[in-house]
Amino acid sequence: RASFAHRAAHARAMARRGAEVTHAVAARARCGATRAMARRGAVVTRASAGFVLRNCGDKSMAHLDAPVPVPGDLEINQPKSVIGRQMSAAVNLPIEVPTVSGAHAMIDVVDGKVMVTDLTSTNGTFIDGEELLPGVPTQLLVGGEVIFGDEFLARFELVQQQVDAAK
């Protein structure tokens, strides 16, 4: 393994060349080295992965009694989220479609993995076509598809986004 001083020197050298330095590299360097990189004009970024459930349903409403707003993409920005029919103290990711239960499913992000648990919903939760057993967490892979009770309006694909926030 490279020594702490070696890593700091490497980060400073990258900054002198005007290279973008990731937060991981900067974190290995001393705080003074990070400040020095910023003074020299290097861009220090914090890179982390975010997840989005991108609505990929066909948006058909023929199966409903009345039209409803088409659900948008859902950004997973907390380690634990609950999908449900409307925003409430318990539900932080609403899908305002009548075929989605009040508290339909739970999303947990654990060690970079997205886990989906059906909360005994009326119309079920499906991952890649397989119905989940209520209360049993199941991994949703990036590129995988999840349906929350309505294959037309509540069908989502898991997308991983690289989030870079300048420090």
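Of all residues in the range 156-163, none satisfies being surrounded by fewer than 19 Cβ atoms within 10 Å (Cβ to Cβ), farther than 15 Å from V52 by Cβ and among the charged types (D, E, K, R). Return only the number of the condition from (1) more than 22 Å from the chain's Cα centre (by Cα); (2) open to solvent by 80 Å² or more (accessible area, probe 1.4 Å) that R54 does not satisfy. Every condition holds for R54 apart from (1).
When the range 101-143 is filtered for residues that are under 13 Å from the mean Cα position of the chain (by Cα), in a loop (DSSP other than H, G, I, E, B) and modelled with pLDDT of 95 or more, the ones remaining, listed by number, are L141, V142, G143. Cβ separations smaller than 9 Å between residues 6+ apart or across chains give the following pairs from the range 133-151 residues that are within 17 Å of S101 (Cβ to Cβ) and open to solvent by 80 Å² or more (accessible area, probe 1.4 Å) to residues that are in a strand (DSSP E or B) and modelled with pLDDT of 95 or more: L133/D118; E151/F126.
The values are calculated or read from the model by the stated rules, or taken from the named source; none is laboratory data. Since the model is a prediction, treat every value here as computed from it, not as a measurement. Every residue, glycine as well, gets a Cβ built from its backbone with ideal geometry; the counts of neighbours run over all protein chains shown. These area figures cover heavy atoms from the full protein model, side chains too; ligands, DNA and RNA do not enter into them. Shrake-Rupley method; radii C 1.70, N 1.55, O 1.52, S 1.80 Å.
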